[in-house]
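Derivation of every value follows stated rules applied to the coordinates shown; laboratory data play no part. Bear in mind the structure is a predicted one, so any value in this text is a computation, not a measurement. Methodologically, a virtual Cβ is constructed for each residue, glycine included, from the backbone with ideal geometry; neighbour enumeration extends over all protein chains shown.
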Amino acid sequence: MVYVKWVIMITIWVLFGAFLHYTLPQHDVVRVVKTEVRRVDFGENSLFWAQQDTGQETAVTTNRDVRFVETFYASGSPMVFRNEDTGWGWPPYFKLDSSNLQAELTDLVSTKDDPQWVVLRHYGWRNEFFSIFPNAVAVKAVDGPDYRVTNWFNIIFLTMLAAIFWAIYVRWRRFRMARIDPVIEDVEDSLYAAGDAIQERRGRLRRWLDSWRSK
């Protein structure tokens, strides 16, 4: 049971960590080379897509137009982002300006010979096998590919989250020591006492039987 408990706990923490990694904002320094709109057919990966532009008629469809942004890192590795509204849904970025963001990104398109580097804030993952793309949230032009971003939001959020977990753990531990552990100890003492009583009765019965055998 100890191994099962640890497997369950590790699985829960891994899933929670993956959820945070997908949801929290990330920053990449890239060079935008192209922006376009593609017709996308949704399948099993529909969970990783956002929604239509806020204000448009919402309908359940298997395909729709999605804005994309093609970029390159300084290392030469390509990265493709999508640009979708999140609206008032999850994750809570309240992004309502994907059209404006697409215009900004198009204006920042540059060539390899004359690069314009930008910091692209986004969330999500890139997975070629499942056709999953991170969603761009904001963009800012920077001087070069060596620009460093301090993600203060993630630092503050994770610090506060750790403090909340620690406070819950401390209070749970105090509650357990004050209320639950004494009850468990009383039950264990009762079981031990009952076991001792049974053993004593068996001993008496064995001595009585031995006394009859000796006669």
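Comparing Cα centroids, the range 87-119 and the range 150-175 end up 32 angstrom apart.
Within the range 2-149, the proportion of C-alpha pairs whose separation exceeds 26 Å stands at 31%.
Spatially, the range 122-145 and the range 1-21 are offset by 27 Å when compared through their Cα centroids. Peptides 160-166, 40-46 ranked from most to least packed, by the mean per-residue count of other Cβ atoms within 10 Å: 40-46, 160-166. Once the range 61-142 is represented by equal point scatterers at the alpha-carbon sites, with solvent omitted, what log10 I(q)/I(0) does the Debye formula produce at q = 0.20, 0.27 Å⁻¹? Debye output, listed in q order: -0.99, -1.53. With each label modelled as a point 7 angstrom along the Cα→C-beta vector, the TRP13-MET79 pair spans 2.8 nm.
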